[in-house]
1. Could you check how many residues of region 317-336 are part of a loop (DSSP other than H, G, I, E, B) and either more than 19 Å from HIS89 (Cβ to Cβ) or open to solvent by less than 10 Å² (accessible area, probe 1.4 Å) (or both)?
2. For the condition assigned to a helix (DSSP H, G or I) and open to solvent by less than 50 Å² (accessible area, probe 1.4 Å), what is the one hit in VAL339, VAL296?
3. Give me the residue from region 16-46 that is assigned to a loop (DSSP other than H, G, I, E, B) and either in contact with a Cys (Cβ under 9 Å, 6 or more places away or on another chain) or open to solvent by less than 30 Å² (accessible area, probe 1.4 Å) (or both) and, out of that set, farthest from GLY215 (Cα to Cα).
4. Which one of these is acidic (Asp, Glu) and either open to solvent by 60 Å² or more (accessible area, probe 1.4 Å) or more than 17 Å from the chain's Cα centre (by Cα) (or both): ASP13, ASP57?
5. For ILE85, work out the one condition from (1) more than 9 Å from the ligand (Cβ to nearest atom); (2) over 13 Å from PHE172 (Cβ atoms) it doesn't fulfil.
6. Kindly evaluate SER143 against the criterion of being hydroxyl-bearing (Ser, Thr, Tyr), within 16 Å of the ligand (Cβ to nearest atom), in a strand (DSSP E or B) and under 24 Å from ALA68 (Cβ atoms).
7. For region 106-117, does any single residue satisfy the condition of being in the same structural domain as THR155 (by TED's automatic domain parsing) and within 13 Å of the ligand (Cβ to nearest atom)?
Amino acid sequence: METRRRRDDFASDNTAPICPEARVMLEEANTGNAPSYGDDRRTRRVGELVRELFERDCAVYLVFNGTAANALALAQLCQSHHAVICHQHAHLQTDECGAPEFFTKGAKLLLAGGADGKIDMELAAKLFDQQPELHAQQPRALSLTQSTELGTVYTADEIRVLADFAHQRSCFLHMDGARFANAIAALGCAPKLITWQSGVDVLCFGGTKNGLAAGELVIFFEKKLARDFEYRLKQAGQLGSKMRFLAAPWIGLLTGDVWLRNARHANHMAAHLAERLRAEARIDIIFPVEANTVFVRLSQRCAQALRERGWDFYSFIEPDVYRLMCSWCTSEKTIAEFVADVAAANA
Ligand SMILES: *Cc1c(COP(=O)(O)O)cnc(C)c1O
């Protein structure tokens, strides 16, 4: 049997390679010796660039991946008798193998519903009311994903409303920003507008899906919230000894707005993919395409035919709904090839 080349192009945005600007900085950092454990000039430079970007004197930490960023940020905010409200489709809940519960030593995730991957305030309020007294774990954080797992984007107003709701109840607002760049590209606003100015206390800012090999930032907008966080990182095995090699590629992303260019490209390609699938292959697009994700409904026959042609992608939510991701390196040519295969499979 003929073996087709496996195509991972749309399976995730972490199937993409390292973007050129990040790679150049990695190469540039690879000369001579330098201080370890973050005591180097490149790690310091990342801190400066992040503070400039967010226009805020914030505390900035580098970790290896997003699961650790989220779990350790929440562990910093919550004790074991607390709870975290998040969306039922939140990565925290579905894809972190219990890391938030593990690192908080037992804080409970309370799952809120809401259309298009966004937390519905009234449903979140109901969760609060269910935890009224001594017998139930008290919510201590509300976690939003921006952009969401379903490829949508919270507006600044939506974040502000949820932040006020959280703060009025003595909760912190955590933002899982594995695709924060895509949200900024979609909204075209200053990063401060949808973070600390809208009440976000801690942001996990993803670099991996934006074009790095590895490396996410944990940003506390109030420095005092970050007290002793470096010990938490070290204990969790997330303090890079050669941190300069995590930091250098971030300098590549944050210099000249490469992070934003990468995200704009990914978003633009997703819009283009959705449009062509609709027009040329009569495919239903399931959620609003606001960032770099396209959800499609495919018949089993069509999905099978595409897999036989080598295309890999994940089914999400319902068995016949599939997620297609675009990245900084998605090309028009790949989209054309995929759409042609979908059209043929659907004919
Ligand atoms: C990818 C992703 C993460 C981080 O995942 P890791 O594999 O741990 O790096 C976190 N949140 C969301 C919404 C993601 O899509």
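1. Keep residues of region 317-336 that are part of a loop (DSSP other than H, G, I, E, B), which gives 317-320, 326-331.
Still in the list and also either more than 19 Å from HIS89 (Cβ to Cβ) or open to solvent by less than 10 Å² (accessible area, probe 1.4 Å) (or both): 326-331.
The total comes to 6.
2. Working: VAL296 fails: assigned to a helix (DSSP H, G or I).
From the options VAL339, VAL296, the qualifying one is VAL339.
3. Taking region 16-46 first, the residues assigned to a loop (DSSP other than H, G, I, E, B) are 16-19, 30-40.
Still in the list and also either in contact with a Cys (Cβ under 9 Å, 6 or more places away or on another chain) or open to solvent by less than 30 Å² (accessible area, probe 1.4 Å) (or both): 16-17, 19, 38, 40.
Values: ALA16: 15, PRO17: 14, CYS19: 13, GLY38: 13, ASP40: 16 Å.
Selected residue: ASP40.
4. Going through ASP13, ASP57 in turn, the sole match is ASP57.
5. Only one criterion in (1) more than 9 Å from the ligand (Cβ to nearest atom); (2) over 13 Å from PHE172 (Cβ atoms) is unmet by ILE85, namely (2).
6. On the way: hydroxyl-bearing (Ser, Thr, Tyr): yes; within 16 Å of the ligand (Cβ to nearest atom): yes; in a strand (DSSP E or B): yes; under 24 Å from ALA68 (Cβ atoms): yes.
Criteria met by SER143.
7. Just the residues of region 106-117 that are in the same structural domain as THR155 (by TED's automatic domain parsing), to begin with: 106-117.
Applying the additional criterion that residues be within 13 Å of the ligand (Cβ to nearest atom) yields 117.
Checking region 106-117: at least one residue is in the same structural domain as THR155 (by TED's automatic domain parsing) and within 13 Å of the ligand (Cβ to nearest atom).
So that you can scan it fast, the table gives a plain yes or no per residue for (1) in the same structural domain as ARG179 (by TED's automatic domain parsing); (2) crowded, with 24+ Cβ neighbours inside 10 Å:
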{"residue": "VAL202", "(1), (2)": "yes, yes"}
{"residue": "GLY215", "(1), (2)": "yes, yes"}
{"residue": "ILE219", "(1), (2)": "yes, yes"}
{"residue": "GLY237", "(1), (2)": "yes, no"}
{"residue": "HIS268", "(1), (2)": "no, no"}
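The values are calculated or read from the model by the stated rules, or taken from the named source; none is laboratory data. Because the structure is predicted, anything quoted here is derived from the model rather than measured. Ideal geometry is used to build each Cβ from the backbone, glycine not excepted, and the neighbour counts take in all protein chains shown. These area figures cover heavy atoms from the full protein model, side chains too; ligands, DNA and RNA do not enter into them. Shrake-Rupley method; radii C 1.70, N 1.55, O 1.52, S 1.80 Å.
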